[in-house]
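Worksheet: one structure, shown below.
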Amino acid sequence: MTFSKGINFMFSPYYSRLLFGSSLTVLSLQSLVGQIQKAEAININFDYTYDDNSFFSGTNYGRRNILDQAASYFENYINDSLPALQPSSGEIFGIAFTDPSDTTTNISLTNRTIAQNEILIFVGSDELNSNTLGLGTNGGHSIGYYPNGSLHLAYEARKTEASLWGGSISFDLEYNASTSPNGTKWHFGSDQTGLDNDEADFVSVAIHEIAHVMGFGTSSNWNSIVSGTNFTGSKSQQIHNGLVPLNGGHWHDSVTIDGLETAMDTTITSGTRKLMTRLDYAGMEDIGWDVDSEVYTIPFEFSPSLGICAVGIIFGTKKAWSVWKNQKP
């Protein structure tokens, strides 16, 4: 039997700064010639076992639907075929990840099965530091397999991906004057209706953190195509017309595409929603994911119930930055 370890935690808080501004993205659908429905290839499963603060439980159960909405931006456009990681008798497959409800500790589980095409993400909430809205980390693993057995072959196929099995996401606690006065005022709507200027949009933050779990800014695949403070991925260069400036494991805040801020820069303005752009998908492709080519044809706005709006999307501008704020709303 062969044993190996691959603990590869990337501990960095993402969306670490929250900006205040009142301007919203203006999206106008002028015409819709056709819709493209995409069959799910990867399947992002959220595990709520460690949701100790009931961020997604009890009266907050409906938030799980909004989290699934965020996942659909990946499930509908990434078509990798991922074999199941299923240890047989005598084999070992263990996973390790940041506790989503206590980000100062790690959790290790033994003999956890990862289903075919599954990306597993443990989610919860914690009181995060400063202006941090969410923290997404790539998980680690340990494995012991019989050479050329099914687990070995599946592992060899999966280990080249930017995320072997998934990881964890912690969202900042919701603001409550009594119990969490330093928490975040969240907007949990499926769209921007009711999104106030002092609120952080949950869908935007969830999309951002899912991308980190899947290796954006957190994987060896990413690191291998970073040169200094620039991203050298070929698809991203094609979309951006040159090297893409970085700020750590993110696009630099100065980077825009099609008149929009990217989902994967370092900040989000309160009262706004940011979705995946062509450049964000290009980054995912450059780190190894099989991204549908349709996302690059034109700027588009995606609705989980509609699929891709193939033509006719007109994007308004959204740059309404103001001064840094030292605390969340």
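Please treat every number below as a calculation from the coordinates, not as lab data. Quantities reported herein were computed from a predicted structural model and do not represent experimental measurements. Every residue, glycine as well, gets a Cβ built from its backbone with ideal geometry; the counts of neighbours run over all protein chains shown.
A full extension of the chain between residue 130 and residue 241 corresponds to an added length of 36.5 nm, given 0.36 nm per residue minus the alpha carbon distance.
Across segment 106-166, the fraction of Cα-Cα pairs farther apart than 14 Å, rounded to a whole number, is 64%. From least to most packed, judged by other beta carbons within 10 angstrom and beginning with the fewest, 244, 226, 123 follow the order 226, 244, 123.
For segment 90-141, place one equal point scatterer on every Cα, skip the solvent, and apply the Debye formula. What is log10 of I(q)/I(0) at q = 0.17, 0.21, 0.25, 0.32 Å⁻¹? Evaluating at q = 0.17, 0.21, 0.25, 0.32 Å⁻¹ gives log10 I(q)/I(0) of -0.59, -0.82, -1.03, -1.36. Counted by neighbouring Cβ atoms within 10 Å, the residues 187, 152, 240, 212 run from fewest to most as 152, 240, 187, 212. The residue 294 and residue 178 beta-carbon pair, evaluated with R₀ = 56 Å, returns a calculated FRET efficiency of approximately 0.70. Taken along the Cα-to-beta-carbon direction at a fixed 7 Å, the label points for residue 192 and residue 160 span 4.1 nm. Placing pseudo-labels 7 Å out from each Cα toward the beta carbon at residue 229 and residue 153 gives an inter-label distance of 4.8 nm. Here residue 274 is the anchor, and the aspartates and glutamates within straight C-alpha reach of less than 17 Å, apart from those fewer than 8 places off in the same chain, are 68, 191, 196, 198, 199, 201, 209, 253, 258, 261, 265, 301.
Pairwise Cα distances in segment 155-312 exceed 29 Å for 22 percent of all pairs. P(r) tail, segment 133-233: Cα-Cα pairs separated by more than 23 Å, 48% of all pairs. Computed from phi, the 3J(HN,Hα) profile of segment 230-237 under the Karplus parametrisation 6.51, -1.76, 1.60 (θ = phi - 60°) reads 10, 9, 9, x, 5, 5, 5, 5 Hz, with x in place of Gly and Pro. Close amide H contacts of residue 253 (hydrogens built in the peptide plane, cut-off under 5 Å, sequence separation of 5 or more or a different chain): 266.
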